1. Hey, fewest Cβ within 10 Å first, where do Arg186, Arg42 land in order?
2. What do you get for GluC sites (Glu not before Pro) in region 225-294 restricted to DSSP loop and a cutoff of at most 12 other Cβ within 10 Å of the site's Cβ?
3. With +1 on each Lys and Arg Cβ and -1 on each Asp and Glu Cβ, and nothing else charged, work out how big the dipole of the chain is about its Cα centre, in Debye to the nearest 20.
4. For region 119-272, what's the relative contact order in percent, using C-alpha pairs closer than 8 Å and at least 6 residues apart?
5. Give me Thr20, Thr105, Thr35, Thr133 sorted ascending by neighbouring Cβ count inside 10 Å, so fewest comes first.
6. How big is the charge dipole of region 119-272 about its Cα centre, in debye rounded to the nearest 20, if each Lys and Arg gets +1 on its Cβ and each Asp and Glu gets -1 on its Cβ?
7. Just want the answer: with Cβ charges of +1 for Lys and Arg and -1 for Asp and Glu, which residue in Pro173, Cys4, Asn202 is farthest toward the dipole's positive end in the chain?
8. For a quick check, take a GNM of the chain with Cα springs below 10 Å and name the residue from Gly51, Gly232, Gly142 with the largest mean-square fluctuation.
Amino acid sequence: MSVCGGIEIGGSKWRFAVGTGPDDVRAAETIPTTTPTETIDRAVEFFERAGPVDAIGIGSFGPVDRNVTSPTWGHITTTPKPGWAHAVVGPEIRRRLSVPVAFDTDVNAAALGEHRWGAAQGLDTFCYITVGTGIGGGGMAGGKLLHGLVHPEFGHVRIPHDRDRDPFPGVCPYHGDCWEGLASGRAIEGRWGRPAAEMIDNEAVWELEAHYLALGLVSVICILSPQRIILGGGVMTAPGLLERIQLDAKDLLGGYVESPAVDEGMAGYITLPGLGSQSGVLGAIALASMDGAI
């Protein structure tokens, strides 16, 4: 079996790993996301120490260009993250390490990891959604990763915003009060003035957060009809949040979707990742092992 490298590129940190899967991780490291030059330098240093590898998979925050025929393949494109718009990642890693590279979104990589080893095993249509600093989503339809015009941008769907209940304008620099703008970790901190981790016991925070997340999930359910929804990311570690979302989503569906998964309270339908926080980096290893690395 090929030994592959995985890189999960997040807005606050990069995760690296070398191995063949969750039971065979031969080296791993996490570093903060700083500048493109510095962070890529540290990635190269890690693989020079931990290698050799047959290929590297990269799952990156977006938007990204994953079209292998495009002159900007492997670039991060119009991200609002300062200093990272149009950063050249995939080609630079490939050039400096002289190995084939596969490149996709961080959430598609996480979905692939969950499909191969985690909570989506045996399914062919499902979604992986991360709720952290931002909100992103990927997944599979008919056994293939979701792609299209560019790639899924779940976090930027528009959800109902009751400004009487919540006058907060949102944090998205493009849309203001899209799903990410209202329900991401940055939105929680912007609305309440404190990080989510410091407000675990504040009922109002989590009541509103669960409502917004459920509103977005109902749209996902009605459009894609996934067999399961997996929710990852740091915000989802809040105690009781998953259960609140399950109840709110079932209520918002209003009995329209007839399925045992919904009728039984969604406990196994909207769920946490089987791979925990390692879905993305392990999924990047899975991505590297697939046909398509260039």
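Every number in this text was worked out from the coordinates using simple rules, so none of it is lab data. Quick caveat: nothing in here was measured; it's all calculated off a predicted structure. Counting neighbours? That spans all protein chains shown, and the Cβs are built from the backbone with ideal geometry, glycine included.
1. On the way: Arg186 20, Arg42 15.
Least to most surrounded, the residues fall as Arg42, Arg186.
2. On the way: sites: Glu243, Glu258, Glu264; in loops: Glu258, Glu264.
Sites meeting the loop and neighbour criteria: Glu258, Glu264.
3. Details: 21 positive and 34 negative charges, 152 e Å.
Its charge dipole is roughly 740 debye.
4. On the way: 238 pairs, mean separation 38.5, N = 154.
It comes to 25 percent, rounded to a whole number.
5. Working: Thr20 15, Thr105 28, Thr35 12, Thr133 20.
Listed from fewest to most nearby Cβ atoms, that is Thr35, Thr20, Thr133, Thr105.
6. Values: 10 positive and 19 negative charges, 94 e Å.
Roughly 460 debye, rounded to the nearest 20.
7. Cys4
8. Among Gly51, Gly232, Gly142, the largest mean-square fluctuation in the Gaussian network model of the chain belongs to Gly142.
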